Amino acid sequence: LDGDDPEHINWLVEKASERAIQFNISGVNYSLTQGVVKNIIPAIASTNAIIAAVCTNEALKLVTSCNPFLDNYLFYSGDEGIHSYSFCFEKDPDCLVCGNRQGSVAISGDATLQDLIDELKVNRSFQLKAPTLTCGDTNLYFQNPKELEKLTRPNLDKKLCDLFETGSTLTATDQTLPTSLQVTVSFS
């Protein structure tokens, strides 16, 4: 049975109408039959009505100060009855996405850039896989594209103290990070 084939739906409407007459059921038509076959739920209009009601309610609360207004999240459950509540999502300062987390690493100034990259891979605070590092406008090491990797590869063997000063903040990007990470490097 194909819910998009008019012949199939018309046949089903005929059979459903025969049964409706037999059991004295009214209201069988093409669109309702197709809705049952394709499991169509008229959600658009009800969703728009719910959003409009919430917006109106919030506008009334803002104008009259009759109740606290919605902070930043509303949960609506309309499966069995109507239930909604609102609460505030709080920002996690350690979250890599919303907290703009910054990390720090202490490493010898005589260590190489490759040593720093290895530290960023094994350090439990970072656990990066293949970091790309920049310091301000200076490209220290790029994993990709291959042309940039080839151009920045010589930096891997250079000492950190020759590349930047202690206390410098590097920007690290990695496939494990949704955004860039700021890492302050202090020479020990």
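The values are calculated or read from the model by the stated rules, or taken from the named source; none is laboratory data. This structure is a prediction, so every number in the text was calculated from the model and none was measured. We place every Cβ from the backbone using ideal geometry, glycine too, and count neighbours over all the protein chains shown. The accessibility values were calculated without ligands, DNA or RNA, using every heavy atom of the protein model including side chains. Shrake-Rupley method; radii C 1.70, N 1.55, O 1.52, S 1.80 Å.
Structure notes:
- Within the chain, DSSP assigns beta bridges of which about 75% are antiparallel (rounded to the nearest 5).
- Heavy-atom accessible area ranking, 1.4 Å probe, most first, across V63, V54: V63, V54
- In this structure the stretch 1-157 gives 73 Å² per residue of accessible area when probed at 1.4 Å with all protein chains present.
- Shown for the stretch 1-96: the carbon plus sulfur share of the solvent-accessible area, taken with all protein chains present and a 1.4 angstrom probe, equals 58%.
- T64 versus S77: modelled label distance in nm, points set 7 Å from Cα along the beta carbon direction: 2.8
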